[in-house]
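Written out below as structure tokens is the structure these notes cover.
The values are calculated or read from the model by the stated rules, or taken from the named source; none is laboratory data. Predicted model only: the values in this text are computed from it and were never measured. Using ideal geometry, Cβ is built from the backbone for each residue, glycine included, and neighbour counts are taken over all protein chains shown.
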Amino acid sequence: MMADTHRTTHICPHSLILTPESRRPAGCCRHLARFVQISGEARLALGEILVARLREREPDASTAALIKERLRFACAPCIVTVVGQPIRGHKVPEIEQLLSGGAVCLSLLHAAHALGFAAQWLTSWVAYDPVVKARLGLDNDEQVLGFIHIGSAAEPASERPRPALNDRLSQWAP
Ligand SMILES: Cc1cc2nc3c(=O)[nH]c(=O)nc-3n(C[C@H](O)[C@H](O)[C@H](O)COP(=O)(O)O)c2cc1C
């Protein structure tokens, strides 16, 4: 899906995409998202961790499934893991803390696209597996909100059928 380019590796982690997100007041914002970047050789090292973990979870996993895990993080040159830590009892309701983290993911997609990159928001089982989360350096109370894969499109994205907006739009009336 994405091509490994020097340009992306160079630009991905900091300035234009992540800096605006980090300009927040410190102290009162423990629930705000943090980021774990996965790039370079680390992508394949993480792939080996996923292969080992899939073997534990599914001893009969097919070769194709294992290869998929080995390459899961190798398709894009840079992946930004968006990590949320919803805090129970915080004045901001948990749902809003999570929505805020989701908005961060979407902002990253928009920022990457605005800069001319391709980007995709993925999760899958690896976002929820406690062993994988620990290997990524997450605490027990932290959640992967998304792996934002950023690269250059190797081919145009394929379109798919879309539900009609009118089926999902209603007009409220008193
Ligand atoms: C929270 C979240 C998790 C997702 N996880 C996956 C995933 O694991 N695998 C996948 O193929 N697509 C996943 N997607 C969907 C892709 O990112 C999809 O390309 C994106 O939603 C845009 O799709 P569209 O342009 O076809 O509507 C996920 C989307 C969201 C919002």
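Here are a few things to note about the model shown:
- Of the residues making up the range 135-148, not one is exposed (fewer than 12 other Cβ atoms within 10 Å of the Cβ) and under 21 Å from Lys68 (Cα atoms).
- Conditions (1) assigned to a loop (DSSP other than H, G, I, E, B); (2) away from the ligand (no atom under 12 Å from the Cβ); number of the one not met by Arg160: (2)
- Of all residues in the range 51-88 being part of a loop (DSSP other than H, G, I, E, B) and more than 19 Å from the chain's Cα centre (by Cα), the one that is surrounded by the most Cβ atoms within 10 Å (Cβ to Cβ): Ala61
- Among the residues making up the range 120-146, those that are more than 8 Å from the ligand (Cβ to nearest atom) and either of a type in the set (S, T, N, Q) or within 18 Å of Leu109 (Cα to Cα) (or both) are Asn140, Gln143, Val144.
- When Gly116, Gly101 are checked against the criterion of being in contact with a strand residue (DSSP E or B) (Cβ under 9 Å, 6 or more places away or on another chain), within 12 Å of the ligand (Cβ to nearest atom) and farther than 20 Å from Leu50 by Cα, Gly101 stands alone in meeting it.
- Any hit, the range 78-87, residues being farther than 19 Å from Val104 by Cα and either touching a helix residue (DSSP H, G or I) at 6+ places or on another chain (Cβ under 8 Å) or modelled with pLDDT under 95 (or both): no
Per-residue answers, yes or no, for (1) among the acidic types (Asp, Glu); (2) at pLDDT 95 or above; (3) out of contact with any Leu (no Cβ under 7 Å at 6 or more places or on another chain):
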site	(1), (2), (3)
Ala26	no, no, yes
Arg30	no, no, yes
Gly47	no, yes, no
Arg53	no, yes, yes
Ala61	no, yes, no
Lys68	no, yes, yes
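- Contact map, the range 129-154: first residue in a strand (DSSP E or B), second residue within 16 Å of the ligand (Cβ to nearest atom) and among the aromatic types (Phe, Trp, Tyr), Cβ cut-off under 7 Å, separation 6 or more or different chains; pairs are Gly146/Trp121; Ile148/Trp121; Ile150/Phe117; Gly151/Phe117; Ser152/Phe117.
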